[in-house]
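Notes for the one structure printed next.
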Amino acid sequence: MTTQIDNNPEKTMGEVWDVAQQFGLDPFPTHFEIVPAAMVYEFGAYGLPGRFSHWTHGKAYYQMKTMYDHGLSKIYELVINANPSQAFLLETNSALENKMVMAHVLGHTDFFKNSLIFSPTNRQMPESVAVHANRIAAYEFTHGSLAVERFLDAVLSLQRHISLTPRNRPEDDERRLTPEPDPLTTPYDDIMGMGVIAAPRETPERSRKIPLEPEDDLMYFLIRHARDLEDWQRDILAIVREEMLYFLPQMRTKIINEGWASLWHYRIMEALDLAPTEYAQFSTMHAGVVSPGPRTRVNPYYLGYKVLLDIEKRWNEPTEEEQRSLGRTPGQGRAKLFEVRETESDQTLLRKYLTEDLVHDLDLYSYHLNKSTGEWTVDNGDWKHTRDQLVASLDNDGAPLIEVLDGDYHRNRELYLIHRHGGTDIDPQYAAKTLEYLYLIWNRAVHLEARFEQRNFLLSYDGHEHRSTRI
Amino acid sequence: MSLSISQNDWSLHRRGPKDQARHQEKVREAIKNRLGDIISNEAIITSQGDKIVKVPIKTLDEYHFRYDPGQRGGVGGGPGGTKPGDVIAREPGEGEGDGQLAGQEPGIDYYDAEFTIDELAAMVFKDLDLPNLKDRGQQLIPARKLSFTDVRQKGILPNLDKKRSVLQAIKRHAMAGGTAPRQESDEEASGEPAAPPKKFRLKNDDLRFRTYDETVEPQHNAVVIAMRDVSGSMGDFEKYITRAFYFWMVRFLRTNYRNVEIVFITHHTEAKEVSEDDFFNLGESGGTRVSSAYTLCRNIMHERYPADRWNIYPFHFSDGDNWGDDDNEECKKLIEEIIRFSNIFGYGEIREAPYRANYESGLWRAFKTITAPEFISLQITAKDEVYAALKKFFFAGDLPQRSAS
């Protein structure tokens, strides 16, 4: 069987594009590249082609490759948020698969272009990422790959703690960029903080307090205020932060974006003139993409697809009540869909549009671990509980919310963080290890206030040993 | 139209595999750090020496602030009709595989690293040595005739002693309860024309080889006297640790020191010299009189291993329970006598961690007063301490200072 794309790909693309336009899709110009499987899962593992080397990428690469080699998963395509967009097609895709994939890709690039959440992203990121990778390679050459790897290990452990929200940070104006000399430098500085029992948070003088308000962009804070970093280290912090800021919108819109692309690939394929056998094959592929998923996780493609279809239906056929009290007119389904794609994230989509009927039809449920029996058990609770659990799991893009409270704790330039508890404890063992990484960057004692099993603790690390104090 | 398509050659692109190689390297380093854990693995200790051991190694953790996986529930979807209280998945039990929860917890992935026991052995033995080895050997005159003087477990295939090997297999089978023998043996060498009617599956450890000495290297004559407490007080844990330690010790000696002899002694209230098989497989019963073992050890040394020609290494593993203080004192005196002729004397006391706390057995207290630097004592409270024990007993370099502990 020939595994090549059909011998007139331009024609195929033309057909797909025409239909897409008729539906009102408005994608970025898109370039398709046909690549071997290894490239697709490599780019998947690294996030972008040309991204810097690190063993964590190697690990992800290996895992994806293993899943692929064992037939456990297949990545049909990979598409990059850029202008012009790039999409990678598996060279083993059949002509029919590629038709569907192209349609799916256009759904994505339309979403990238039109979703407000994506508007601040850097559309030339592929180039930027290559530049970053070269800089990091140069640092490896100058300072040794081990030193760079160790520092990257630490930086990557904290990379999720960034914020997309732009804001003014008053203290930035008051501080010069060059670090101030220590007010008190004696040979005994390093023992000054020892033996101090963790007191409840002090209230320092306002003018000295950094940050003035709790800071949820830990990475930013470190770039600005970590004193003992060399330039190349500060640069690496900034690079990793910038790349993560680029990826964050994609993480935040996985469900709605995949739902959107699935919906449009379906409609486009229907509108193309497929032979009956082709259509049957396509139906099977489509069903595979939007299947419900394992019992422990909802497939984002499936969820997004179903929610969007439901929105379209409800806005096409509003009830009497809705027409009367909300002024909705029938036939607005398509328009509503396009509006939703512009403004919603996964979390807002589900909060607003995951209805009781949907929860029931998709048989969604939340579950917890029964520690004594080791069984994952379905919760007691109604559909709202399930919806709320799902929405809550998307808080802060799935990462625990960590804020910087004080960069000068104990008047000793120690770092004080807090975990804003949202109902689930963080993993204390991982937290301790991450504090070690944080110490590597901050170079003074670091503290994390967190609640475990309803009791408050202060985890501390001073470069030598861990301490855990009840507060 | 703003669509375009192309196909290029990516065959030289190697970033993914290169970074994965780095990840692999780090995993192997991590394994080295966990060697203590791995070598005490049951699969190895109870193996027959030839298996490839599959050790589940987690991929490297990527530490970050994350939710506690045991606390974090989730949302899932079912086929319809799911009710509160339904069980949708189970945590795998201790020692079982991934079960149904593969993929349940993102970030916990197992990939089995496969090692042969020899590979593991190489990692373990890298840092081990026969301590305090002295030049006590005799020069051996090259023999005019090659005489087969010895039967050993390692050798070259042409020297395979088929009869002994098969006998060994039969013995082992009989001791394992005489289970039905397999249909074929995989060693062609064992196929004697007048073979016993049933064919047995030969294991590596069954093989016996006739060996002869033909070199003129000065031999370091060395003998290890392995003593083991088989009284009733030795429970499963104590039994297992003893077995694990001696498994690796014997393997170490056989691999690196072809001329080391090993004397096997078991004791309860009485001591006796036994075969290697019996040493590893005898059951436990009876009271404990440690002095019986030390007495036998001393006698064997006097009779068969004159100190001027032999490097002697007695080892004893026990849980410390002894007959009484009188015997403890007797043991101490015996050790002081034995140690005058030994390179080192190793005493390992085994007691499982929760029961140990600050307990000191009578024997341990008596031994605390031994001042000879050749006496090395240690306690083992957990499986992963076996490796540390090996390193403490089989060290390269000078004798450690004997600290009052």
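Expressed as an acute angle from 0 to 90° and rounded to the nearest 10, what is the orientation of the C-alpha long axis of helix A:276-289 relative to the principal long axis of chain A?
The helix A:276-289 is inclined about 20 degrees to chain A.
Could you give the nm distance between label points at A:ARG234 and A:MET251, where each point is 7 Å from its Cα heading toward the beta carbon?
2.6
Using heavy-atom solvent-accessible surface (probe 1.4 Å) with all chains present, what is the largest-first order of A:LYS254, B:LYS26, B:LYS333, A:LYS209?
So, going from the largest accessible area down, we get B:LYS333, A:LYS254, A:LYS209, B:LYS26.
Using a 10 Å cut-off on Cβ to Cβ distances, tally the other chain neighbours for every residue of A:358-371 and report the average as a whole number.
For this peptide, the per-residue mean of nearby foreign Cβ atoms is 5.
Mind ranking A:80-86, B:312-318, A:135-141 by how tightly packed they are, going by the mean number of other C-beta atoms within 10 angstrom, highest first?
B:312-318, A:80-86, A:135-141
Need one value for A:390-397: mean number of C-beta atoms belonging to other chains within 10 Å of its residues' C-beta atoms.
Per residue, the number of nearby Cβ atoms from other chains is 1 on average.
For region B:305-399, what does the alpha-carbon gyration tensor say about shape, rounded, prolate or oblate, given a ≥ b ≥ c as the root eigenvalues, a/c under 1.5 as rounded, and a/b over b/c as prolate?
The shape class here is oblate.
May I ask for the angle, rounded to the nearest 10°, between helix A:37-46 and the longest principal axis of chain A, with both axes built from Cα atoms and the value confined to 0 to 90°?
40
I want to check the label-to-label distance for A:GLN21 and B:SER285. Put each point 7 Å from Cα in the C-beta direction and report it in nm to one decimal.
Here the modelled spin labels are 9.4 nm apart.
Using Cα positions and a limit of under 16 Å, work out the lysines in reach of B:LYS18, with same-chain residues fewer than 8 apart set aside.
Straight-line reach from B:LYS18, under 16 Å: A:LYS59, A:LYS65, B:LYS26.
Near A:LYS11, which lysines are there with a Cα under 25 Å away, not counting those fewer than 8 places off in the same chain?
A:LYS99, A:LYS113
Once the other residues with Cβ under 9 Å from the Cβ of A:HIS161 are scored (Lys, Arg +1; Asp, Glu -1), what is the net sum?
After counting each charged neighbour, the total is -2.
For region A:57-135, what does the alpha-carbon gyration tensor say about shape, rounded, prolate or oblate, given a ≥ b ≥ c as the root eigenvalues, a/c under 1.5 as rounded, and a/b over b/c as prolate?
Taking the square roots of the gyration eigenvalues as a ≥ b ≥ c, region A:57-135 is oblate.
How far is it, in nm, from the label point at A:ASN396 to the one at A:HIS70 when both lie 7 Å from their Cα along the line to the Cβ?
3.3
Just order B:17-24, B:31-38 by mean Cβ neighbour count inside 10 Å, highest at the front, would you?
B:17-24, B:31-38
Residues of A:308-314, mean number of Cβ from any other protein chain within 10 Å of their own Cβ, rounded to a whole number?
Mean number of neighbouring Cβ atoms from other chains: 0.
Taking a threshold of 28 Å on the Cα-Cα distance, which of the pairs B:LYS171/B:LYS239; B:LYS32/B:LYS368; B:LYS126/B:LYS272 fall above it?
Going by Cα-Cα distance, B:LYS32/B:LYS368; B:LYS126/B:LYS272 fall outside the 28 Å limit.
Quick one: net charge around B:PRO79, please, counting Lys, Arg +1 and Asp, Glu -1 for every other residue with C-beta under 10 Å from its C-beta.
Charge balance near B:PRO79 sits at 0.
Please check which bits of region B:309-342 a label hung off B:LEU399 would reach, taking the label as a point 7 Å along Cα-to-C-beta and the cut-off as backbone N under 18 Å.
Correct set: B:309-316, B:332-342.
Of A:TYR76, A:TYR46, B:TYR240, which has the most accessible area and how do the rest follow, probe 1.4 Å?
If we order A:TYR76, A:TYR46, B:TYR240 from most to least accessible, we get A:TYR76, B:TYR240, A:TYR46.
Summing +1 for each Lys or Arg and -1 for each Asp or Glu, what net charge is found among the other residues whose Cβ lies under 11 Å from the Cβ of B:MET175?
In short, 0.
The values are calculated or read from the model by the stated rules, or taken from the named source; none is laboratory data. Computed from a predicted model, the values in this text were never measured in an experiment. Cβ atoms come from the backbone with ideal geometry, glycine included; neighbour counts cover every protein chain shown. Accessible surface is based on the protein model in full, side chains and every heavy atom, while ligands, DNA and RNA are left aside. Shrake-Rupley method; radii C 1.70, N 1.55, O 1.52, S 1.80 Å.
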